[in-house]
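Reviewing the structure listed below.
The values are calculated or read from the model by the stated rules, or taken from the named source; none is laboratory data. Keep in mind that this is a model prediction, so the values were computed, not measured. As a convention, Cβ positions derive from the backbone with ideal geometry for all residues, glycine included, and neighbour counts pool all protein chains shown.
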Amino acid sequence: MSHSKSAWFGVLCFAAVTLWTIPAVAHQLWVETDAVAKVGEQQEIHVCWGHTGNKATGAALEKQKSKLIASMIRPDGSSKVLGLAKGYDSYTAKMAPHSPGYYMIGSELQAGIIGKEFHGIPANTRIVMCAKTFTHVKGSKKGLGNRLGFDVEIVPVTDPTDLHPGDIVTVKVLFKGKPLGGRKAVVELKTTGPAKLPEDPRVHSREWSIEAHARRPKGEASFPLIADGQHLFYIRYFDENPGRYEGDINETSEFSHLRRGDTYERTMYISTFTIHVMVGELTNKTSYRRR
């Protein structure tokens, strides 16, 4: 094994962590679609709920329908609300690009306000999940910096269209449009990788994950890419400011509620950004140095 590959293998081993085992914490929202598009060709978008590698289905997925919205920002900055239809393991929408550039696609789930402490999340916490991905029509870089406007949003700094194992990728975290960094801004990069994983009761996780604090003042975090396939950036952030819900959802369940006028003590945001890393060997196109 060459020195460079050996070094990268060490990074890979160092990066392995256990997938959360608490269902409430593991759940998240993410969006999948083809990373490359063509003008005029329709493609399908999938809004998924569950955790990486395990999409919710049936009644668990159905319960999210009334609390879920999706939208798209075109390269020229114009927006469109996407209609969602329930599929087997996701909600689906269709879109057809009309010009070259980046199309940012996102979804938001108003999960509700929990009435009592739940798996370490304090009572009276409002939970908001948001997710985004992109599709790109070759011929223009326009639209790469477009934001969907989520309260907590992960945006690309590195161009995500030509990433391979061995590259370094950088994202920026925004809270209400401003860079978010520091001790509480922990960003993870997750992937299950392309390899077939063993069915073995000793295996407690099927996901590789590395994490970093988004750094002030830009709110940026950088990661080495160690495998090809689908990758997901993830942040869970608590805003400790109390508030009142003024939206139109009217939902009550055994665990949570969300009605106009309901108050909450804090908000927990769970935000994701999905990208695709191209198949290829680890390269020396960039150098990785631990800081």
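A few points about this structure:
- Among the conditions (1) hydrophobic (A, V, I, L, M, F, W, C); (2) assigned to a helix (DSSP H, G or I); (3) modelled with pLDDT under 80; (4) loosely packed, with under 12 Cβ neighbours inside 10 Å, the only one that ALA59 does not satisfy is (3).
- Residue that is nearest to THR267 (Cα to Cα) [pool: residues in the range 184-222 that are of a type in the set (A, V, I, L, M, F, W, C) and over 18 Å from the mean Cα position of the chain (by Cα)]: VAL203
- Tabulated pairs, the range 223-252, first more than 12 Å from THR267 (Cβ to Cβ) and acidic (Asp, Glu), second surrounded by fewer than 15 Cβ atoms within 10 Å (Cβ to Cβ) and modelled with pLDDT under 95, C-beta under 8 angstrom, 6+ apart or interchain: ASP228/PRO194; ASP228/MET278; ASP228/VAL279; ASP228/GLY280; GLU251/SER66
- All positions within the range 130-156 that are farther than 24 Å from GLY181 by Cα and surrounded by fewer than 15 Cβ atoms within 10 Å (Cβ to Cβ): LYS138, GLY139, SER140, LYS141
- Residue check, SER256 of a type outside the set (Phe, Trp, Tyr) and modelled with pLDDT under 95: yes
- Residues in the range 96-109 that are surrounded by fewer than 19 Cβ atoms within 10 Å (Cβ to Cβ) and of a type in the set (A, V, I, L, M): ALA96 only.
- Segments classed as strands (runs of 3 or more DSSP E), wholly inside the range 86-188, with at least 3 members that are under 19 Å from ALA70 (Cβ atoms): 91-95, 101-114, 125-137, 152-156
- One residue stands out in the range 218-250 among those that are touching a helix residue (DSSP H, G or I) at 6+ places or on another chain (Cβ under 7 Å) and outside any strand (DSSP E or B): the one that is surrounded by the fewest Cβ atoms within 10 Å (Cβ to Cβ), namely ILE249.
- Hits in the range 173-217 (condition: out of contact with any His (no Cβ under 8 Å at 6 or more places or on another chain), under 17 Å from ASP151 (Cα atoms), modelled with pLDDT of 95 or more and surrounded by 12 or more Cβ atoms within 10 Å (Cβ to Cβ)): VAL173, LEU174, PHE175, PRO179, LEU180, ALA214
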